[in-house]
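These notes are about the structure you will find just below.
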Amino acid sequence: SQTIHQWPATLVQPVGSPLSLECTVEGTSNPNLYWYRQAAGRGLQLLFYSVGIGQISSEVPQNLSASRPQDRQFILSSKKLLLSDSGFYLCAWAGGFKETQYFGPGTRLLVL
Amino acid sequence: DAKTTQPPSMDCAEGRAANLPCNHSTISGNEYVYWYRQIHSQGPQYIIHGLKNNETNEMASLIITEDRKSSTLILPHATLRDTAVYYCIVRERSQFYFGTGTSLTVIP
């Protein structure tokens, strides 16, 4: 069966510091991968998606970037965090564009 | 932007059926309706999806109107563990756009 991992589970970072969040998927190959952000009390906002290694599409302009160095690894990064980057970051995978998305446990980021 | 409209909150008595409505009046003919739920501080959990016909699985039933402009998620016997935010989603192109969902509280 497929599983999706995210780490760290929680993170507290100062403004201006870099960020690296990692997501890995097991039990499937060539998945579509997605990064979402959820601000407190809000719905999920799609940030990036990837259909293959090195292929990244950005949904909204922002202070963040994403990379996919391996088939089942998706990384969310920032060079300098802003206060507004605080939130709950969720990674998801799907077998294809028309397939159901399955979410990881999330990373809660607090920027101070 | 989300293509669905849901009530912000609902209550349901434990053991009773919870009926969560969703409007998606601009849905296209080949777009599926998906339902997820999110328990506090966890990732969203897939519940069910459908296109035209009603669907049922071990978690819930999905009733889609004939014109496909609205749907209802039914939890047949709600338990306290069903307290969560429920999201109704119509996929646009290849992406899932989540709105703010319905916060369901199951009351003992």
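The values are calculated or read from the model by the stated rules, or taken from the named source; none is laboratory data. In this text, all values refer to a predicted model and were calculated from it rather than measured experimentally. All Cβ positions, even for glycine, are placed from backbone atoms using ideal geometry, and neighbour counts span all protein chains on display. Accessible surface is based on the protein model in full, side chains and every heavy atom, while ligands, DNA and RNA are left aside. Shrake-Rupley method; radii C 1.70, N 1.55, O 1.52, S 1.80 Å.
Just a few scattered comments:
- Matching residues, the stretch A:55-92, being within 13 Å of chain B (Cβ to nearest Cβ) and closer than 15 Å to residue A:44 by Cβ: A:59, A:60, A:87, A:88, A:89, A:90, A:91, A:92
- Test: residue A:109 is part of a strand (DSSP E or B), in contact (Cβ under 8 Å) with a residue 12 or more places away in the chain, open to solvent by less than 10 Å² (accessible area, probe 1.4 Å) and over 24 Å from residue B:6 (Cβ atoms): yes
- Unmet criterion (only one of (1) farther than 20 Å from residue A:93 by Cβ; (2) open to solvent by 50 Å² or more (accessible area, probe 1.4 Å)) for residue A:39: (2)
- Enumerated strands (runs of 3 or more DSSP E) restricted to the stretch B:26-108, each holding at least 2 residues that are surrounded by fewer than 21 Cβ atoms within 10 Å (Cβ to Cβ): B:45-50, B:61-64, B:70-75, B:102-107
- If you go through the stretch A:64-99 and keep only what is surrounded by 17 or more Cβ atoms within 10 Å (Cβ to Cβ) and in a loop (DSSP other than H, G, I, E, B), you end up with A:64, A:72, A:81, A:86.
- Any chance residue A:67 is touching a residue at least 24 places away in the same chain (Cβ under 8 Å), more than 25 Å from residue B:101 (Cβ to Cβ) and of a type in the set (Gly, Ala, Ser): no
- Those residues of the stretch A:9-45 which are in a loop (DSSP other than H, G, I, E, B) and in contact with a Leu (Cβ under 8 Å, 6 or more places away or on another chain), in sequence order: A:14, A:15, A:16, A:17, A:18
- Subset of the stretch B:90-108 (residues that are among the hydrophobic types (A, V, I, L, M, F, W, C) and modelled with pLDDT of 90 or more): B:104, B:106, B:107
- Checking residue A:3 against (1) of a type in the set (S, T, N, Q); (2) surrounded by 16 or more Cβ atoms within 10 Å (Cβ to Cβ); (3) within 14 Å of another protein chain (Cβ to nearest Cβ), the condition it does not meet: (2)
- Checklist (1) assigned to a loop (DSSP other than H, G, I, E, B); (2) under 24 Å from residue B:37 (Cβ atoms); (3) under 14 Å from the mean Cα position of the chain (by Cα) applied to residue A:1, failing item: (3)
- Subset of the stretch A:6-23 (residues that are of a type outside the set (A, V, I, L, M) and open to solvent by less than 30 Å² (accessible area, probe 1.4 Å)): A:6, A:17, A:23
- Of the residues making up the stretch B:1-21, those that are assigned to a strand (DSSP E or B) and either loosely packed, with under 12 Cβ neighbours inside 10 Å or modelled with pLDDT of 95 or more (or both) number 9.
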